[in-house]
Every structure is written in C-alpha cells, then in structure tokens.
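The values are calculated or read from the model by the stated rules, or taken from the named source; none is laboratory data. Not measured: the values here are computed from a predicted model. Cβ coordinates were reconstructed from backbone atoms using ideal geometry, including for glycine residues, and neighbour counts include every protein chain displayed.
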Amino acid sequence: MTLVLDKVSKVVGRQTHIHPTSLELQNGTMNVLLGPTLSGKTSLMRLMAGLDKPSAGRILWNGADVTGQRVQDRAVAMVYQQFINYPSMSVYDNIASPLRLMGKGAAEIDAAVKKTADLMKLTPMLGRRPLELSGGQQQRCALARALVKNAGLVLLDEPLANLDYKLREELRVEIPKIFEEAGSIFVYATTEPEEALLLGGNTATLWEGRVTQFDRTPDVYRKPVDATTARVFSDPPMNFLPISKTGNRLLFGDGQSVAAAGALNELSDGRYLAGFRPNHVEVKQHTPEAMKFVATLNVTEITGSETFIHLDHHGETWVGLIHGVHDLALGAPLEVWLDPSHVYIFAEDGSLVVPAAYAMAA
Amino acid sequence: MSDAVMTRAPARSLPRIKGSAVVMTAYIVFLLLPIYWLLNMSLKTNQEILSTFSLWPQEFTLANYLTILTDSSWYMGYVNSLIYVVINTVISITVALPAAYAFSRYSFMGDKHLFFWLLTNRMAPPAVFALPFFQLYSSVGLFDTHIAVALAHCLFNVPLAVWILEGFMRGVPKEIDETAYIDGYSFGRFFTRIFMPLIASGIGVTAFFCFMFSWVELLLSRTLTSVNAKPIAATMTRTVSASGMDWGVLAAAGILTIVPGALVIYFVRNYIAKGFALGRV
C-alpha cells in the first residue's frame, strides 16, 4: 500500500497554505511531519485524509486516484491534538463506533474493542464516558478508535502536544511499538525535533507550506539539504554565521577571523553560511582544532543540569547548550569554542555544501 | 482556623439580623405576593372576594377549579393552547437545527448579515403582524386552526431558536464532526447520533423559550382563532366581558395557566444557567 501525493497544493483565498508537494509514503512506515506552527502540517494532513480538497494535484492510494473522494469512503483514521471523542457515548461505544459503521458482527466488534482497549490500557474504563477520564486516557481512547479501524492510513496531528510531560514520554514510547504491529502508513505531525528523532522512521520537514526534505529521520537530521531544514530540525534552532573564506582564514563580522580547520580548510574561496547546533558550542577549548569566537552573553537559562546561553555575535543571535550549571557574567564578552568538525557549510542561497564531519562519520 | 471558629461561635448565638437576609426576604415577598393573592382568590367564593378582605380563604372551596376542569369551554382553552404550543416548538426546533448548524459550521456570503437579520424579526411587536396573518390565513382557510397560530409564532420563535442553538453548536469543536466523518458516519447519522446528544441541553433551552413565548403570547393567538382553537388566555379575557366578573374562576384559571410554565422552568433551570453562560439566552 502506498500513499502518493502528486504535486498537491492548497490555496485558500490569496494565501498558499501548501505549495506543490510530492511525497510517497510506503506501507508500514512511520512518517513524521516536522515543522513549526503554521508550517502546513495540519493542512497537509487534511489533504491526505480527504477532509480538504487540494487546489491542484492528485492523491493516489495504492495507485488509484482518490483526490475528490468523500472522507467516509477513504480508509483513514485521524487523531487530533485536542482530545476528540464522542462525549455522549461510553469508551466502549467510542472504540466500537467505526466498526459498527462498517457493519461488522457483534462478536468481532467485541473482540476487536477488547484487544485494542487492552493495548491502550483502557480496559477498566470501558464503561465510562470520555469526559470522566484524564487527558491521557481521553487521548488513548481517541488513539484506540483510530487503531481499531485498521485503516491503511493513520494520521496523528500532534497527538501528544496537550498532554503533560510524563504521559507524553510514556505514550511516545508506546506509539511506535503499537504502530509497528498494525502495519499501516502512519503520519505523525509534531513541532518537536526531539519527538521526530525518538519516533524514527522517515521525516518530512516543513517550512512555510513547503516540504524541504523527506528522508530517513537520522539522515534528515545529519544531512539537512539546506539551512531551512537544519533550522527546523534542531531545537533550539541551528546557529548561523556568514563567513567568507580567503586562503586559510575564515573571515566574519567586522574583520574578525579565525584559522580555518578541518574540512573548512578545503573549501574554495568565497562566501558561505556556516551552521552549527547549539549543543556543539563549548565555553572552553575542548579540542585542539576548536575555533574561538568572542560573543556577548545576553541571557542564561539554567534548566538544572544544562545551561542555555544566548549570545550576540556581531548581530547574529546564537544559542548554546552547555552541560552543567555555569554562572556567567551577563552583558560581558564570552569566549566560545567550536570544533570545525561540527560545522555545516551552506551556500549563500542556503543549500548544503559540506555536511559536518561528525555527521558523515556517524 | 480553629481559633476563628471558637471566637465566632458565641457571636452566632446572639439574635443577629443579617441585612442580606432582610433584602432577600423582602424581595421574595414582593415577588410572590401577586401569585399568592391569585392563589388566595382562587380558593375563595366570589362572595368572600367581593365582600371581605382576608389574607387566607375563610370558606375554603375548590369549586372554582371544578368549574374549569368540567366545563369544556374552559378546559378546551388549555388543550388548544397546548396543541399549538407543542406544534410550534416542534416546528421551530426542527427548522432551527439545520439552520443553526449551517451558521455555526460554514461561512457563506452574507452569513453574518443574515444571522443578524434573523433577529430583527423579533424587534417588531407581534401586533404588527396580526393584520397580515389574519388576512392571509382567512383567505387560505387556516383561520381558527392550531397550525395557524403555531406558524404565526414561528416568525418569532425560529430566529430565537437559531440564535440560541448556534451558541451551543459553536461550543462543539468542529473536529468532532470531522472525526465522525473519518470514522464513516454519514451526515444524517452523525447529526442525530452524535451531534444532537451533545447539544441536548441547548435543544432543551430552546424548546423552553419557544414554549414560553408561544404560551404567553396573546395577541396573535386571539386574532387568529375564534372557537375551535381558542387559547386559554383568550378564554379568560372573553369571560371578563361576557358574564361579568367571575373572580374566583378567573383566579383559578390564572393559577392553572402558570402551572405548565412553572413545570417547564423547573425541569430546564440548570440548562438555562448554561445558556446564560454561553451568552445567548
């Protein structure tokens, strides 16, 4: 089974919600749509589900064109960020409702509902109404309803975003396991890079209604095709530094320069955009090759075991994530170190020139 | 905490008059006085009503009620009123449900203007419509039928019903509709099985307001009926002019007219609070 989006686009009024997008999703895969709010994740999902009609392009399901088909006739299931259940029915009836509509036999329905409820740890709550349950249980109920249908395409639109931290971690571990068994195409929208990495599978990064990259999740993370993808798939976002290379020096800002090291030394002369992830910033020289930058420290956020440092480097805002708790003077210049093997080099138009050496090795 | 209770305990044993209690009591007395007086009158004989001033019936009698419940010219008034009120409520809700759904879920050209325009129907006094309705219904043979009054009241009740129901429907997330469609519900099935139970309290509140308006409205119902569909309110006013003042029977009729409204309000009181919270009642 495959779901193919063929140059699908969505235009509402004068706004383009989805620019022409082509994607091919394979059976039994987890596909993460990763992008910030308003990047078009939900719009794309609604097109996949058939809730909205694309303005142009076709949607193929197993090779058959399903573009204009009613959502009732499509084999899809969807879970929303809000906990959507039928409040007037019991949990049992909620889970059973899609099966009843398919006209399944009572015994079959009963078996399927009990199995799914067991999987979702809802067995003790089957007789209750959804609104009597906790948020996590309500969302489990919604997930159970999506699963029990055995639909070929299951769409999860930030299903864990409204849950508290603990429940989220718990469900996040369970979801891939459950879905592996089901063997459908899963599409999971999230704003969090971390969630995408934990879920694995494939990731499509979205930015302003465009899919910037679609590949295996670790590959997207390690080898983002452009600066936008790198920015989306990094939390906090990737830091950037415009550089120009002449000889073996990297020039940036107002005449500052460092000696180019590692792969950076092999670049041909010209102007580039260097990118590095916040967790690769260090406050002391950690490798012999590390390059030193002097930036102004604006804010520090201490999360307990880690410190986020917000830096200003000649007008560029950088964020660094440092292990341990550091008490640093605000407003003062701070020396930060960066190993050249952690630096991605993008062309001025944003496309990737050289991925970071560490990512290639991994 | 316990200290505070200890020190307050002796103060409570003193006879102290709370200002709020006085105000409340006075308010309730003023509110209930006319109703009590009506009840008082309905249990007295005409002679006692006219001759003496008594705070409660000296010669307790149920004869007034008996008159109403045995004389068909009286009790048919209630039956007629109930028939057209129920017809009107059913029509109003049946028509308003899909309309309110459309207003709450779709945006179409001029939807906001239309929604407001619906309400303007309620801004004109019923008297304005008495003449056209009378002429229209007389010419098509609907005069003096229950459906005539029910339809005439729809002019006021349908907009109100749409307005109230739309508020309740807006509170139901659109995702529930979509989830139902994804699960395979057709629109009709979704609407009756899932959506209507969700807004059951809204339907209850709407039914109440339709009932109330139709039950108390006098002018149109009197204009559009003569004998067969004569409402109770008309019966009461005509009795005054026809056979002098039968005070006791009139008072009993008044009490019986309050009862249905009081019953309905008792059952929907909690939902009405919810309706107020939604800002639509």
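So which residues in segment A:40-62 are over 18 Å from the mean Cα position of the chain (by Cα) and part of a loop (DSSP other than H, G, I, E, B), if there are any at all? Walk me through it before giving the result.
Here is the first cut: in segment A:40-62, the ones over 18 Å from the mean Cα position of the chain (by Cα) are A:47, A:49-62.
Hits for segment A:40-62 are A:Gly50, A:Leu51, A:Asp52, A:Lys53, A:Pro54, A:Ser55, A:Asn62.
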* **Count - residues of segment B:44-67 that are surrounded by 13 or more Cβ atoms within 10 Å (Cβ to Cβ) and in contact with a Leu (Cβ under 7 Å, 6 or more places away or on another chain)** => 2
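Looking at A:Ala274, A:Ala227, A:Ala295, can you tell me which residue is assigned by TED's automatic domain parsing to the domain that holds A:Gly200 and crowded, with 16+ Cβ neighbours inside 10 Å?
Numbers: A:Ala274 fails: assigned by TED's automatic domain parsing to the domain that holds A:Gly200; A:Ala295 fails: assigned by TED's automatic domain parsing to the domain that holds A:Gly200.
So the residue among A:Ala274, A:Ala227, A:Ala295 that is assigned by TED's automatic domain parsing to the domain that holds A:Gly200 and crowded, with 16+ Cβ neighbours inside 10 Å is A:Ala227.
Given the structure, is B:Thr192 crowded, with 19+ Cβ neighbours inside 10 Å and more than 20 Å from the chain's Cα centre (by Cα)? Quick ask: steps written out before the conclusion?
Values: crowded, with 19+ Cβ neighbours inside 10 Å: no; more than 20 Å from the chain's Cα centre (by Cα): yes.
In short, no.
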* Could you count how many residues in segment B:93-140 are among the small types (Gly, Ala, Ser) and over 20 Å from B:Val172 (Cβ atoms)? -> 6
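For segment A:124-151, enumerate the residues that are within 14 Å of another protein chain (Cβ to nearest Cβ) and aliphatic (A, V, I, L, M). Spell out how you get there, then give the answer.
Residues of segment A:124-151 within 14 Å of another protein chain (Cβ to nearest Cβ): A:129-131, A:138-139, A:141-151.
Within segment A:124-151, A:Leu131, A:Ala142, A:Leu143, A:Ala144, A:Ala146, A:Leu147, A:Val148, A:Ala151 meet the criteria.
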* Can you tell me which residue within segment A:63-78, out of those that are within 17 Å of A:Ser43 (Cβ to Cβ) and not in a loop (DSSP other than H, G, I, E, B), is nearest to the chain's Cα centre (by Cα)? => A:Met78
* Asked: What residue, among those in segment A:89-123 that are in a loop (DSSP other than H, G, I, E, B), more than 10 Å from chain B (Cβ to nearest Cβ) and touching a residue at least 12 places away in the same chain (Cβ under 8 Å), is farthest from the chain's Cα centre (by Cα)?
  -> A:Ser90
* To do: Considering every residue within segment B:222-237, establish whether at least one is free of Cβ contacts under 8 Å to residues at least 40 places away in the same chain, among the polar types (S, T, N, Q) and away from every other protein chain (no Cβ under 14 Å).
  => yes
* Identify the residue in segment B:147-185 that is within 11 Å of chain A (Cβ to nearest Cβ) and of a type in the set (A, V, I, L, M) and, among all such residues, is nearest to the chain's Cα centre (by Cα). => B:Val172
